[in-house]
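First the structure, in the form of structure tokens, and then the observations on it.
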Amino acid sequence: MALNVAIIGAGFGGLCMAIQLRKAGVTSYTIFEKAERLGGTWRDNTYPGAACDVPSHLYSYSFEQGHDWSRRYPRQPEILAYLDRCAGKYGVHRRLRLGAEVTAAVFDEAAGRWRVTTADGEHGPFDVVVSGVGQLNRPRLPDIPGLGEFEGTSFHSARWDHGHDLAGRRVAVIGNGSSAAQFIPRVAPVVARLDVYQRTPSWVIPKPDGAYGPGLRAAFRHLPPLRSANRRRVNRFIESVVYPALVDGWSRPLMTRRATEHLRKQVPDPALRARLTPAYPIGCKRIVLDDDYYPALTRPNVEVVTDPITRVTRHGIETAGGTLREVDTIIFATGFLTTDFLAPIEVVGRGGRRLGEAWKDGAEAYLGMAVPGFPNLFLLYGPNTNLGHNSIILMIEAQVRYIMGCLPLLGAHGPMEVRPAAMDAWRRALEGALARTVWQADCASWYKNAAGRVTNNWPGPAAAYRRITRSPRPGSFTFG
Ligand code: NAP
């Protein structure tokens, strides 16, 4: 196949695409990566304690399960090493352009091909563009008055300042999602004082983590069927026990009880416990899996501040009522610009149509991958393909398989563009399914855009998505 493919991003998605192209014998692809290293979110998030809350054997490519995982839940350095190894094994690092941030992708209608722009000029033409930029790649800084006046050190959790020694300092953390819950237990013991600014409490459930013993590790290493069986077991449990909690199924009360028990056991002080008890149903925001977060909050040098922040001053943070807590360092654990998807890349399709304009009411794509008016553009981990319960790699692999199925079609018949009718039917089905999920409840989360529309999550089990994306339906597309 002599197709030329541009892949944007060298995280789990972009690398998976490149590997499958490579396995299919396609060598005419280029991975454009804005950073100086591959790894995506696992390159960016180096904060102390960074880890995944999907078990190791499931948080890996199905075709590359041979990694000798050291523990049940993988930590950031080991995941990054895994990605490096995969890229090296399949030789895709040779097609990787580092420090090449894509600023624009423009479809040339006359030629039926794409051109991609980076700081060093235009590249292409490409038959196909595959975006693998992810949903959690641009840090979100809060819009708090006075932020620019702070004279201490401040940084975002995904841009951890490793040169800044936190020992003995007075530190403020803003935010208490999964990232904060992981680094707070590492930071709390070394700092003089830690103020955790919590706007909305998270639901937290235990994380059955631990290092694999040498016996089990050797067994996994030498018995591939055991590895696969473990992967299947974990997947089955997540899909049949965790997923129903997100759609008001039988396990919702069970999960709520588990989280409430966890809080009761780990936080003896009833006043603190009350402040840490969420008032929204479990799963509405991303559930935090952690055993060390609550104990860290009970330390004498840690205060959970729930008064709203009014402003940042030169020396600290002021809350409603006028209390100023002076600090040396502010760490923003305030999440990411999740609903912007490909922004700030300027994507221009047929007839000069801009993706930002097409998505002005919220990002959407057929199967999360294809957008009417943008022929031969495919999105990995695009709109409504995030999971609230399972490994995103399952979704990415399904998408890559689907795109691989599209290549012969567009190779034979010319640029393929999803029909608006297929997009409409997809939107209707999605809306119906989303209406039954817990994400619609009254809570703010990174799954929703400013208008409250759930643009990020897939409402079904991962298996259902894999089923419907098994192969492309040519009737959903126009060609040429
Ligand atoms: P996040 O879940 O979006 O949490 C952001 C936090 O910042 C929330 O507590 C939010 O409060 C708070 N916040 C935002 N703006 C604020 C403001 N202006 N004032 C006060 N508080 C503010 O971000 P994250 O923790 O970085 O996690 C993002 C996602 O990455 C996770 O949900 C998960 O999918 C993934 N992740 C996974 C792991 C893991 O596998 N264990 C670890 C880290 C990240 P509100 O809730 O009130 O908005």
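The values are calculated or read from the model by the stated rules, or taken from the named source; none is laboratory data. Since the structure is predicted, the reported quantities are computational estimates derived from the model, not experimental observations. We place every Cβ from the backbone using ideal geometry, glycine too, and count neighbours over all the protein chains shown. These accessible areas exclude ligands, DNA and RNA; they are computed on the full protein's heavy atoms, side chains included. Shrake-Rupley method; radii C 1.70, N 1.55, O 1.52, S 1.80 Å.
Binning all Cα-Cα separations of the chain at 20 Å, short to long from zero, yields these whole-percent fractions: 23, 55, 21, 1.
Can you give the extra length, in nm with one decimal, that the chain gains between Glu151 and Leu254 once fully stretched, where that is 0.36 nm per residue apart less the Cα-Cα distance? Show your work: numbers first, answer last.
Values: separation 103, 0.36 × 103 = 37.08 nm, distance 4.67 nm.
Between Glu151 and Leu254, full extension yields an extra 32.4 nm.
When only the Cβ of Lys, Arg, Asp and Glu is charged (+1, +1, -1, -1), the dipole of the range 223-308 relative to its Cα centre reaches about 500 debye. Volume per residue for the range 9-56 equals 81 cubic angstrom (convex hull of Cα atoms). Residue-wise HN-Hα couplings along the range 296-310, as the Karplus relation 6.51 cos²θ - 1.76 cosθ + 1.60 with θ = phi - 60° gives them from phi, are 5, 6, 8, 5, x, 8, 10, 10, 8, 9, 10, 5, x, 6, 9 Hz; Gly and Pro carry x. Out of the DSSP beta bridges found with both residues in the range 108-250, what percent are antiparallel (nearest 5)? So the antiparallel bridges amount to about 50 percent of the total.
Angle between the Cα long axis of helix 420-434 and the longest principal axis of the chain, 0 to 90 degrees, nearest 10? The helix 420-434 is inclined about 30 degrees to the chain. The chymotrypsin sites (Phe, Trp or Tyr not before Pro) found in the range 61-163 that occupy coil by DSSP, while having at most 14 further C-beta atoms within 10 Å, are Phe63. Karplus-based coupling profile of the range 247-260, in residue order and whole Hz: 10, 6, x, 4, 8, 4, x, 5, 5, 4, 5, 4, 5, 5, with θ = phi - 60° in 6.51 cos²θ - 1.76 cosθ + 1.60 and x standing for Gly or Pro.
The simple spin-label model puts a point 7 Å past each Cα toward its Cβ; for Arg22 and Ala412 those points are separated by 2.9 nm. Computed from the alpha carbon positions, the gyration tensor of the range 1-101 leads to an equivalent ellipsoid with semi-axes of 25, 16, 9 Å, biggest first. Using Cα atoms only, what is the angle between the long axis of helix 392-413 and the major principal axis of the chain, expressed in degrees (0 to 90) to the nearest 10? Orientation of helix 392-413: about 20 degrees from the principal axis.
Considering only the other residues whose Cβ falls under 9 Å of the Cβ of Glu318, what net charge follows from Lys and Arg at +1 and Asp and Glu at -1?
Numbers: positive: Arg311, Arg325; negative: none.
That sum, taken over residues with Cβ under 9 Å, equals +2.
With the other protein chains left in place, how much accessible area per residue, in square angstrom, belongs to the range 262-368 at a 1.4 angstrom probe? Working shown, then result.
Details: 4690 Å² over 107 residues.
Result: 44 Å² of accessible area for each residue.
Equivalent-ellipsoid semi-axes for the range 160-217 (Cα gyration tensor, √(5λ), whole Å, largest first): 27, 18, 9.
Restricting the calculation to Cα atoms, every distinct pair contributes to the Kirkwood radius of the range 202-290, found to be 15.2 Å. Could you state, as a whole-number percent, how many of the C-alpha pairs of the range 30-169 are farther apart than 17 Å? Roughly 71 percent, rounded to a whole number.
Hand me the chymotrypsin sites (Phe, Trp or Tyr not before Pro) from the range 236-321 located in a DSSP loop with no more than 13 other Cβ atoms within 10 Å, in residue order please.
On the way: sites: Phe237, Trp250, Tyr293; in loops: Trp250.
Answer by residue number: Trp250.
Any of Lys265/Lys285; Lys34/Lys89; Lys207/Lys265; Lys207/Lys285 with alpha carbons more than 19 Å apart? Name them for me. Let's see the in-between values first.
Values: Lys265/Lys285 22 Å; Lys34/Lys89 22 Å; Lys207/Lys265 14 Å; Lys207/Lys285 17 Å.
Going by Cα-Cα distance, Lys265/Lys285; Lys34/Lys89 fall outside the 19 Å limit.
Spacing of the modelled spin labels on Thr103 and Arg354, each 7 Å from Cα toward Cβ, amounts to 1.5 nm.
At most 10 other Cβ atoms within 10 Å plus a DSSP loop assignment makes a site exposed; report the longest stretch of the chain without any exposed GluC sites (Glu not before Pro). Don't jump to the answer; show the numbers that get you there.
Values: sites that count: Glu36, Glu151.
Between the exposed loop sites, the longest stretch runs 152-480.
Per-residue Karplus couplings for the range 371-376, computed as 6.51 cos²θ - 1.76 cosθ + 1.60 with θ equal to phi - 60°, are listed in order as 10, x, x, 10, x, 6 Hz, Gly and Pro entered as x.
Using every pair of distinct Cα positions in the range 295-334, the Kirkwood expression returns a hydrodynamic radius of 11.3 angstrom. Report summary: the helix-based calculation at 222 nm, which adds -39500 (n - 2.57) for every DSSP H run with n ≥ 4 and divides by the residues of the chain, gives -8500 deg cm²/dmol. Can you give the longest stretch of the chain with no exposed loop site, where a site means trypsin sites (Lys or Arg not before Pro) in a DSSP loop (not H, G, I, E or B) with at most 12 other C-beta atoms within 10 Å? Maximal segment without exposed cleavage sites: 1-313. For the range 387-480, the C-alpha radius of gyration sits at 1.24 times the compact-globule guess of 2.2 N^0.38 Å, with N the residue count. Projecting label points 7 angstrom from Cα along Cα→Cβ for Arg85 and Arg467 puts them 3.4 nm apart.
Under 8 Å for C-alpha pairs, at least 6 residues apart: give me the relative contact order for the chain, rounded to a whole percent. Write out the running numbers ahead of the final one.
Values: 940 pairs, mean separation 95.7, N = 480.
Over the chain, the number comes to 20 percent.
Restricting attention to the chain, give the cysteines that have no other cysteine Cβ less than 4.7 angstrom from their Cβ. Among the cysteines of the chain, those whose Cβ sits 4.7 Å or more from every other are Cys16, Cys52, Cys86, Cys406.
Once divided by 2.2 N^0.38 Å, the Cα radius of gyration of the range 257-416 becomes 1.52.
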